[in-house]
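Input: a single structure, listed below in structure tokens.
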Amino acid sequence: MADNSQNMSYQAGEAKGQTQEKASGMMDKAGNAAQSAKESSQQAGQQMKDKTQGAAESVKNAVGMNK
């Protein structure tokens with residue numbers, strides 16, 4: 001009977017370890033996705049800023065304020 005109990009305990013430990021490893025992997029993927037989204041947002045923001053500055057310079061040039 002001790003063998004069966006030990007085997008069940010071992011299997012429960014194995015299942016717990018596998019679950020923890022899968023959860024850790026999922027958290028890593030979620031963290032990577034969040035970082036990627038953050039970087040994409042920052043790049044988009046920088047592009048918008050650059051375009052806005054370029055447009056402002058064009059307007060200044062057009063009205064003669066950029067001398």
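The values are calculated or read from the model by the stated rules, or taken from the named source; none is laboratory data. Just so it is clear, the structure is predicted and the values come from calculations on it, not from any experiment. As a convention, Cβ positions derive from the backbone with ideal geometry for all residues, glycine included, and neighbour counts pool all protein chains shown. Just so you know, the surface numbers come from the protein's heavy atoms only, side chains and all, with ligands and any DNA or RNA stripped out. Shrake-Rupley method; radii C 1.70, N 1.55, O 1.52, S 1.80 Å.
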**Q.** Residue among Ala37, Ala62, Ala15 that is assigned to a helix (DSSP H, G or I) and loosely packed, with under 10 Cβ neighbours inside 10 Å
**A.** Ala62
**Q.** Pair list, Cβ under 7 Å, 6 or more apart: segment 30-46 residue of a type in the set (Val, Ile, Thr), other residue open to solvent by less than 60 Å² (accessible area, probe 1.4 Å) and outside any helix (DSSP H, G or I)
**A.** none
